[in-house]
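One structure is given here, and the rest of the page talks about it.
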Amino acid sequence: MSNKRILKSTVRNAEELYKETFRKRGVNHIDHYPTPKLYHPEASDLRNIDTIKHIWKVGDGYSKLAYKFYGDPKLWWVIAWYNQLPTDAHVSFGDVIYIPTPLDEILSILRG
C-alpha cells in the first residue's frame, strides 16, 4: 500500500459492501474525488446560450461530441449535464442531444 498523502478533496471508500471488490483489486480501500455540486440554472440564466442540435447515432459518445465541439473530450460532462442525461447509457439512438455553446458562457453559468 502506498503512503501517499490523501488530499482533502478526496473521499476514502472502505465500505464493507465493497470488500470483495477491494480483495480482487488487491487494495483495502479506494479513494474517490467527490462529485461536485453544480448550479442548476433557470431559463433566464441560459438566455445567452445557443445550442447545436445533434441526433444520437451509432458510435456516438459524450467524449467524442465534446472533442468535436469543444476540442477536449474531458468536457463530456458539460453535454451530459446540459441534457440531464448523466451517461452515454442514458441516451438512445435517435435521441436529440443539445450541445451548449459558447463553452465559456456555459462554464461561467455552472460556477453560479
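Bear in mind these aren't lab numbers, they're just calculated from the coordinates by the rules spelled out. Just so it is clear, the structure is predicted and the values come from calculations on it, not from any experiment.
Considering all different alpha carbon pairs of the chain, the Kirkwood hydrodynamic radius works out to 16.6 Å. When the helices of the chain are scored as -39500 (n - 2.57) per DSSP H run of n ≥ 4 and the total is divided over every residue, the value at 222 nm lands at -7500 deg cm²/dmol.
Tell me, what is the percent relative contact order of the chain, built from C-alpha pairs under 8 Å that lie six or more residues apart?
Working: 120 pairs, mean separation 30.2, N = 112.
The value is 27 percent.
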